[in-house]
Amino acid sequence: MALSTRTALVAGASGLVGGRVLHQLLEDPTYSRVTVLARRELAVSHKKLEQRIASFDRLAQIADFPRVHDVFCCLGTTMKQAGSPDAFRKVDFTYVVELARVAVRHRASQFLVVTAVGADPQSRILYSRVKGEVEEALRRLQFESIQIFRPSLVVGARAESRPTERVAWLLSLPVAWALVGPLSRYRPIKAETVARAMVRVAGDAPRGTHVYESKEIRRHAAKP
């Protein structure tokens, strides 16, 4: 694709990974337009940026849904923030899958999504099960490319405080060096690294469905 002709949509741009994805896309000369889909306006300004305020409960009702090449989905919450299993599932499954369905109807060619290490639709752990169910649902949609990123604990400065994540990160530091071989996928990973890998993979746009665990995420992020 020629220089400065790609277009992208970012959902979840107020979050830890999504905010960094947005920043990188705005600085990437291969993207001529970047649309943010959010519930409220972000304190970001750029000549390539278009902000669209929308309710994720009514995505299918948006008459002029943005036509883009690449959709970056960084939506996600925690059980504490959501308040209940049903509310958690609404954000992490329903919103993600509905966004993908609407995007494919509007001819987006590539869908890039952040799930989590251990995603498994058969898991007894709600978080892992929902992430696995999301992946399963996305695989049934007719995108040219679906890129699934399964990071471990994502670390970085958030706009809002998540004490549980902070404690988990601090506890993981002394043992992170011991996580080698198959266990290396559980090492904490920087949000910047995940975002960089997503944008690099989007540029390559390999056809079909591809899954990237932490090792592959780091490898793609390190590409020049």
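The values are calculated or read from the model by the stated rules, or taken from the named source; none is laboratory data. As the structure is a computational prediction, the values presented were derived from the model and not from experiment. Counting neighbours? That spans all protein chains shown, and the Cβs are built from the backbone with ideal geometry, glycine included. Protein only, heavy atoms only, side chains kept; ligands, DNA and RNA dropped before computing areas. Shrake-Rupley method; radii C 1.70, N 1.55, O 1.52, S 1.80 Å.
Restricting the search to helices (runs of 4 or more DSSP H) fully inside segment 57-126 and requiring at least 2 residues that are open to solvent by less than 70 Å² (accessible area, probe 1.4 Å) gives 85-89, 96-105. Please go through (1) touching an Asp or Glu at 6+ places or on another chain (Cβ under 8 Å); (2) under 22 Å from Arg200 (Cβ atoms); (3) surrounded by fewer than 21 Cβ atoms within 10 Å (Cβ to Cβ) for Lys48 and return the number of the only condition it doesn't satisfy. Every condition holds for Lys48 apart from (1). Could you please let me know if Thr30 is touching a Gly at 6+ places or on another chain (Cβ under 7 Å) and of a type in the set (Val, Ile, Thr)? Answer is yes for this residue. Residues of segment 130-157 that are touching a residue at least 24 places away in the same chain (Cβ under 8 Å), open to solvent by 50 Å² or more (accessible area, probe 1.4 Å) and part of a helix (DSSP H, G or I): Arg139 alone.
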